[in-house]
Every structure is written in C-alpha cells, then in structure tokens.
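A short write-up of the structure that comes next.
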C-alpha cells in the first residue's frame, strides 16, 4: 500500500510525557491509557493538536470510556486548523491490545466525517473541494516488551478499510 508508511522506531509515552512537561499527577493516567492522543508536531506549534481533536476525543471516550487520554495539560491545549478537504486526525499511541478496536472505531469516525453534509448547498469551483475526501493520521503501536512501530497514512478515506487491515497484518507479522 503506497500511502501507508511504517517505521520501526517511534517516540515512547515517556518521551511524550517529557516533551509535554506533564506533572506527575497526569503521568500515571497517560501511561495507563490504551489510546493516547499526542501533539501533531507541526513545525510552528509542535505541541498543538489538529482541529477537531476534542470532537474525536469525545467520540473515542463514548466508545471506550476512560481508556483514552490526551497527552497535554488542559491549560496548554491548542488546536491548529489547516483548511482543506483532508481529515487530519493527528497522532496516536496505542497499546497493542487496543489496536483492532481502535482501528474499527476510527473507521466509524472517518465514515461519519465523510458523510457530513457539505456547507449549505454551495457550489465551490475550487478543484481541491471536488476531489475525494482524504484522511491523514499516525499511529504508534507498542507492546509490553517495549517494541514500538509507527504507521503513517495519508490518502483517500475510501482506502481506510484496506489500510486498517494492512496495519493489523504488519503489526502481527513481527
């Protein structure tokens, strides 16, 4: 799959805790979360999150409860909005046990986003808005032995099912 990249090295939860300068009171919650949303590392605001992260966080919480967390202090939370027809989901760190469930839930979220009605029946003559919806995300999966693998995808939302199957296959091959 050409739009899916894999990397055998990725930042750990501990490294994210240090970068976000989290207090000890939050560390244990971040370390125990099965699904962790981390900053997107955009160049001008490295500790910011993609626009819509709180909506995605609420969606994930509705599905998995307190097994999901955001790696930032409440006072430091900032979102970046990049306007295009791309659904930018951000970066995630998952415990390996949560990978199949997360991929399923994320697929539902992407489908919901793709099926949202466009802005009130406006015809937009910009080529960017006539292309199929694209999605972008990064998932780091880690197991209890410390093994980590990062998966980055940027491509058509319609390819998500194939991509999620490939991520599961690549993770389980090791």
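Just to be sure I understand: with springs between alpha-carbon atoms less than 10 Å apart, which residue in 154, 142, 21 has the highest mean-square fluctuation in the Gaussian network model of the chain?
The residue that fluctuates most here is 21.
Round to the nearest 10 and give me the degree value, 0 to 90, for the angle of helix 99-114's Cα axis relative to the longest principal axis of the chain.
Approximately 30 degrees, to the nearest 10.
Which of the following values of volume of the Cα convex hull per residue in Å³ was calculated from the structure shown: [x] 103; [y] 128; [z] 194?
After the calculation, the listed value that fits is [y].
Taking the highest mean first, how do the peptides 61-67, 12-18, 158-164 order by number of other beta carbon atoms within 10 angstrom per residue?
Working: 61-67: 13.4, 12-18: 15.1, 158-164: 17.4.
Descending mean neighbour count gives 158-164, 12-18, 61-67.
Stretch residue 75-residue 41 to full length: gain in nm at 0.36 nm per residue minus the Cα-Cα span?
Taking 0.36 nm per residue and subtracting the Cα distance, the gain is 10.5 nm.
Helix-only mean residue ellipticity at 222 nm, the chain, DSSP H runs n ≥ 4 weighted -39,500 (n - 2.57), per residue, nearest 500. What is it? Each step should come with its number before you reach the end.
On the way: 5 runs with 58 residues, N = 174.
That calculation yields -10000 deg cm²/dmol at 222 nm.
Taking 22 Å as R0, compute the FRET efficiency from the Cβ-Cβ separation of residue 111 and residue 85 and round it to 0.05. Before the final figure, lay out each step's value.
Values: r = 16 Å, r/R0 = 0.72.
Efficiency, rounded to the nearest 0.05: 0.90.
Under the definition of Cα pairs under 8 Å and six or more residues apart, what whole-number percent is the relative contact order of the chain? Display every interim value, and only then the final one.
Numbers: 253 pairs, mean separation 48.2, N = 174.
Once divided by the residue count of the chain, the mean separation gives 28 percent.
If I fit a long axis through the Cα atoms of helix 53-64 and take the longest principal axis of the Cα atoms of the chain, what angle between them do I get, 0 to 90°, rounded to 10?
So the helix axis and the longest Cα principal axis differ by about 70 degrees.
Would you calculate the separation in nanometres between label points at residue 104 and residue 6, each defined as 7 Å from the Cα along the Cα-to-beta-carbon direction?
Those two pseudo-labels are separated by 2.2 nm.
Bear in mind these aren't lab numbers, they're just calculated from the coordinates by the rules spelled out. Every value quoted in this text rests on a predicted model; they were computed, and no experiment measured them. Neighbour counts run over all protein chains shown; Cβ positions are idealised from the backbone, glycine included.
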